[in-house]
Amino acid sequence: LQEQMTSGDVKLTSFEICLGYDHFTAEEVLRKLLPQGMDIPSSFEQAGHVCHLNLRDSQLPFRHLIGQVILDKNKSVKTVVNKTGKIETEFRTFPMEHLAGDPSTVVRLKEHQCWFEFEYRDVYWNSRLQEEHGRLIESLFLQPCADGKRPVLADCTCGVGPFSIPIVRLAHGVVSHANDLNPASVHWLTRNAEINKLPHVTKAAEMPAYNEQCMAPEVGSRLIIHEPGDARKFVPALLSKGHPITHAIFNLPAMG
């Protein structure tokens, strides 16, 4: 190149490049806009189109700016919210403030070949548990049982159905009894059973005695949706009515 420049075959020139907002990442933009030394939000939890931030006190005066930049720089994000208080309710929900984008927090997402819809403000959902959901579903319910028994599951804290919906949709010969203390979770579980067109769904107003209607169908699996109730009492109640429970799933803070 130096020889070509010396011989005149190549000439050195310069030109200007104008870089705008679209050329920079969210972190680069916020580092320019926020006060020097302030921590830059580098990660967030996302459920469907909703981005959930957990901003520090020092960042709160700039929360709407932060929310707008994250909205602009993440194509899959349509709504940005910030957690404004601790998880103090028995339903494990938390107060949140809308920062940017569409104010709707009704989420629709796909996990393990199933669609889930729910109001993010009203129910518990943790996208980071997706891998664990899949591991348990695959190892316990999609593989043939060594003893030949058909699984009967007590999904004691079923939420909107991250276990029960895929198990009933994908497995064969399983009965899943779904319970949650939160009425909103039971509502959205019922909705998700409809969205995924589960063919064998029973709603139990009271704890039924074990009978043919509580058994697995000849083809596919069965979902039995119970009225909202205490997870700690669910398995004893099922056993007292003769249901042959083989598995129980809990997702409670005190139980890990």
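The values are calculated or read from the model by the stated rules, or taken from the named source; none is laboratory data. If you're wondering where the values come from, they're calculated on a predicted model, not measured in any experiment. Because the Cβ atoms are built from the backbone with ideal geometry, glycine has one as well, and the counts that use them run over all protein chains shown. Side chains are part of the model used for accessible areas, which takes the heavy atoms of the whole protein and leaves out ligands, DNA and RNA. Shrake-Rupley method; radii C 1.70, N 1.55, O 1.52, S 1.80 Å.
Need pairs with beta-carbon distance below 7 Å; first residue within 23 Å of Ser139 (Cα to Cα) and within segment 109-120, second among the basic types (Lys, Arg); sequence gap 6+ or separate chains.
Note: pairs meeting the criteria are Cys114/Arg169; Trp115/Arg108.
Going by the conditions given, is Asp9 assigned to a loop (DSSP other than H, G, I, E, B), exposed (fewer than 14 other Cβ atoms within 10 Å of the Cβ), of a type in the set (Asp, Glu) and in contact with a helix residue (DSSP H, G or I) (Cβ under 8 Å, 6 or more places away or on another chain)?
Answer is no for this residue.
Being in contact (Cβ under 8 Å) with a residue 60 or more places away in the chain and under 27 Å from Glu138 (Cα atoms) is the requirement here; does Ala248 meet it?
The answer is yes for Ala248.
Name the residues in segment 176-198 that are over 10 Å from Val123 (Cβ atoms), open to solvent by less than 10 Å² (accessible area, probe 1.4 Å) and out of contact with any Ser or Thr (no Cβ under 7 Å at 6 or more places or on another chain), would you?
Across segment 176-198, the qualifying residues are His177, Asn179, Asn192, Ala193.
Out of the residues in segment 189-213 that are modelled with pLDDT under 95 and part of a helix (DSSP H, G or I), which is farthest from the chain's Cα centre (by Cα)?
Among them, the one singled out is Glu212.
So is Pro253 at pLDDT 95 or above and either farther than 14 Å from Val174 by Cα or surrounded by fewer than 17 Cβ atoms within 10 Å (Cβ to Cβ) (or both) or not?
It is false that Pro253 is at pLDDT 95 or above and either farther than 14 Å from Val174 by Cα or surrounded by fewer than 17 Cβ atoms within 10 Å (Cβ to Cβ) (or both).
Restricted to segment 218-247, and to residues that are surrounded by fewer than 13 Cβ atoms within 10 Å (Cβ to Cβ) and closer than 14 Å to Arg150 by Cβ, which residue is farthest from the chain's Cα centre (by Cα)?
If we take residues in segment 218-247 being surrounded by fewer than 13 Cβ atoms within 10 Å (Cβ to Cβ) and closer than 14 Å to Arg150 by Cβ, then Glu218 is farthest from the chain's Cα centre (by Cα).
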